[in-house]
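Everything below concerns the one structure shown next.
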Amino acid sequence: MGLGVSPGSGTTTPRVAVIGAGYAGVAAAVRLTLANIRVCVFESAHTPGGRARSIQYHEHILDNGQHMLVGAYANLLALLDVIGMGEAGLLRMPMQMRMHPDFRLTTPRLPAPLNLAWGLIMAEGLSWRDRMAATRLSNMVRKPCLPPKLRSGTVAELLAATGQTEKLVRALWLPLCIAALNTPIETASADVFANVLRDALFKRREHSDFLLPTVGLTELFPGPALQWLSARGGAVHLGTRVRAVSGEGRGFTILTDKAKAMGDSFDAVVCAVGPHQLDELGGLAATALPASRPLRFEPICTVYLAYSSPVPLPAIMVGSERGVAQWFFDRSQLGGPGGLIAAVISASGPHERMAQSKIASQAHAELQQITGPLETPLWSKVITERFATFACTPDAPRPGTRTNLPGFYLAGDYTAGPYPATLEGAVRSGEAAAAQLIADLAH
Ligand SMILES: Cc1cc2nc3c(=O)[nH]c(=O)nc-3n(C[C@H](O)[C@H](O)[C@H](O)COP(=O)(O)OP(=O)(O)OC[C@H]3O[C@@H](n4cnc5c(N)ncnc54)[C@H](O)[C@@H]3O)c2cc1C
């Protein structure tokens with residue numbers, strides 16, 4: 001099946017089906033629309049966003065999981081500008097890490113990497129030995145790439161090779177690795193970790209900023225992006241599951257669980273479903289997928305705790321060096337109601353064997369270690385995403401955007417790229433799939 005039409009040629013406007021309206025699929029759809037390609041988005045859920053979506057819980061709008069962005073998410077931030085949202089739904093603040101009980105790092109408004117150097121000098125809870133060790137790791141990571149042996153190694157090996165102290169590992173590197181790669185340091189990829197640190201800490205000062213959503217994750221990007229798309233002639237089918245992709249003659253046909261969405265023919269397909277959902281697609285899609293080893297996955301659990309009065313968390317976001325929950329976010333400062341806290345438990349661990357009520361009471365107990373005594377929460381809600389991210393190990397089999405089948409492209413946070421499973425990784429892969437498709441259409 002060839003791709004014989006050219007974008008924007010005027011005579012035939014190419015038509016592309018995008019399967020999945022997570023951040024990757026929506027990014028691909030926006031980029032294709034900008035190239036004058038007619039896009040039709042199919043999303044099985046009624047709410048777009050995939051693993052970064054808003055959910056209604058009684059009268060509250062929550063997210064399926066607390067998310068954080070950094071200033072280095074250049075592609076996502078650029079797309080927010082394209083659709084006219086800018087940073088309206090984000091709270092930007094200079095990088096600051098506050099880990100209970102005694103670690104505190106704040107970066108001043110100096111050019112990178114001076115901001116980090118100064119931050120480390122002034123950090124609370126570190127000895128001079130810790131500071132020297134952090135500088136050693138920084139000096140290695142800021143180079144364009146790691147030495148070959150470490151590149152294929154784990155984060156634990158990188159930390160050992162640069163002589164990181166126990167305190168630094170516990171208070172800084174482990175929480176950063178878990179937050180960014182959602183994979184324990186013993187198995188996480190040193191190369192991907194270094195990519196994230198390099199982009200965030202050693203390029204531009206604003207790259208290290210933390211950006212916290214103040215609106216639901218659907219309202220942050222996928223919702224307004226799909227409205228933007230519809231206003232430009234794109235079609236959006238929410239609540240429409242694609243069952244199979246078939247190709248007869250020239251063009252792909254999309255078989256959905258709704259008869260009304262069938263019958264159209266598409267010049268190309270961007271398949272942006274989650275990596276754990278690929279197997280459910282039948283027909284040609286099944287033959288297009290790479291026959292590589294399956295990815296492994298890591299969960300993320302978010303525990304919402306609602307109190308009747310404001311919680312005296314010392315910062316919007318506070319980490320804990322010990323305990324089941326790694327981070328606590330004060331949602332009352334992020335557009336949520338007063339007294340709402342989101343506790344995040346990343347990656348696999350003993351909590352997976354605990355009942356939801358036990359996880360909630362454990363998070364409540366650990367929060368009180370930071371804040372002092374609190375009343376019993378009015379309500380709590382535990383949301384566990386079992387397939388939150390792929391396990392970002394050095395040998396994770398990440399397929400490319402192109403598949404065995406001409407005209408059928410993959411997009412998603414798991415496809416080959418320098419980033420771990422993140423919003424930015426998803427957006428970059430969606431844009432890469434769109435760019436590849438546009439280039440192929442032109443030939
Ligand atoms: C709890 C949690 C916390 C996280 N925290 C962060 C964070 O702080 N920072 C960060 O950058 N990243 C974070 N991530 C990772 C980030 O959310 C993901 O990397 C990103 O959302 C993946 O986007 P995607 O488009 O690749 O895939 P998905 O979001 O999985 O999108 C796939 C879409 O395809 C749809 N679909 C599936 N099958 C079909 C079908 N047959 N037909 C039609 N549609 C279909 C799905 O419904 C879904 O909407 C977190 C993830 C989770 C789960």
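The values are calculated or read from the model by the stated rules, or taken from the named source; none is laboratory data. Bear in mind the structure is a predicted one, so any value in this text is a computation, not a measurement. Positions of Cβ are generated from backbone atoms using ideal geometry, with glycine treated the same way; all protein chains shown enter the neighbour counts.
Across region 336-355, what is the number of residues that are in a helix (DSSP H, G or I) and touching a His at 6+ places or on another chain (Cβ under 6 Å)? Looking only at that region, the number is 0. Answer with yes or no whether T389 is of a type in the set (S, T, Y), touching an Asp or Glu at 6+ places or on another chain (Cβ under 6 Å) and over 30 Å from P312 (Cβ atoms). Answer is yes for this residue. Screening M132 against (1) in contact (Cβ under 8 Å) with a residue 60 or more places away in the chain; (2) surrounded by 12 or more Cβ atoms within 10 Å (Cβ to Cβ) leaves a single unmet condition, (1). Looking only at residues of region 405-427 that are touching a Pro at 6+ places or on another chain (Cβ under 7 Å) and under 26 Å from G251 (Cα atoms), we find that the one that is surrounded by the most Cβ atoms within 10 Å (Cβ to Cβ) is G412. If we keep just the residues of region 54-105 that are at pLDDT below 95 and not in a strand (DSSP E or B), which is surrounded by the most Cβ atoms within 10 Å (Cβ to Cβ)? Checked region 54-105; the qualifying residue surrounded by the most Cβ atoms within 10 Å (Cβ to Cβ) is M95.
Checking A35, A52 one by one, the residue that is within 14 Å of the chain's Cα centre (by Cα) and of a type outside the set (V, I, T) is A52 and no other.
Going by the structure shown, is G223 buried (at least 19 other Cβ atoms within 10 Å of the Cβ), outside the structural domain of M354 (by TED's automatic domain parsing) and in contact with a Cys (Cβ under 9 Å, 6 or more places away or on another chain)? Judged against the criteria, G223 is not a match.
Would you check which residues across region 263-288 are assigned to a loop (DSSP other than H, G, I, E, B) and within 13 Å of the ligand (Cβ to nearest atom) and list them?
Result: A272, V273, G274, L281.
Please work out if A123 is in the same structural domain as V196 (by TED's automatic domain parsing) and over 20 Å from V318 (Cβ atoms).
Criteria not met by A123.
How about region 402-415: which of its residues are at pLDDT 95 or above and in a loop (DSSP other than H, G, I, E, B)? Correct list: A411, G412, D413, Y414, T415.
If you filter region 111-127 down to residues that are farther than 28 Å from I370 by Cβ and in contact with a Lys or Arg (Cβ under 7 Å, 6 or more places away or on another chain), you find that the one that is surrounded by the fewest Cβ atoms within 10 Å (Cβ to Cβ) is P111. None of T422, T415, T389 is in contact with a strand residue (DSSP E or B) (Cβ under 6 Å, 6 or more places away or on another chain) and either more than 10 Å from the ligand (Cβ to nearest atom) or polar (S, T, N, Q) (or both) except T389.
Taking the stated definitions as given, is R322 buried (at least 19 other Cβ atoms within 10 Å of the Cβ) and among the basic types (K, R)? Give the steps one after another, and end with the answer.
Working: buried (at least 19 other Cβ atoms within 10 Å of the Cβ): no; among the basic types (K, R): yes.
In short, no.
Here are some residues: Y414, Y419, Y409. Which one is more than 27 Å from I55 (Cβ to Cβ) and of a type in the set (F, W, Y)? Every option except Y409 fails the conditions.
Give the residue that is surrounded by the fewest Cβ atoms within 10 Å (Cβ to Cβ), with candidates limited to residues of region 226-245 that are within 15 Å of the ligand (Cβ to nearest atom) and in a loop (DSSP other than H, G, I, E, B). Result: G239.
Return yes when G349 is crowded, with 17+ Cβ neighbours inside 10 Å and outside the structural domain of G412 (by TED's automatic domain parsing) and no when it is not.
Judged against the criteria, G349 is not a match.
Among the residues of region 258-314, not one is free of Cβ contacts under 8 Å to residues at least 40 places away in the same chain and aromatic (F, W, Y).
The set of residues in region 425-442 that are without any contact (Cβ under 8 Å) to a residue 60 or more places away in the chain and within 14 Å of the ligand (Cβ to nearest atom) comprises G425, A432.
Conditions tested, residue by residue: (1) at pLDDT 95 or above; (2) in a strand (DSSP E or B).
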position: S9; (1), (2): no, no
position: T13; (1), (2): no, no
position: A24; (1), (2): yes, no
position: A28; (1), (2): yes, no
position: T33; (1), (2): yes, no
position: N36; (1), (2): yes, no
position: V39; (1), (2): yes, yes
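Just one of the listed residues (A156, A72, A123) is in contact with a His (Cβ under 8 Å, 6 or more places away or on another chain) and in contact (Cβ under 8 Å) with a residue 12 or more places away in the chain, and it is A72.
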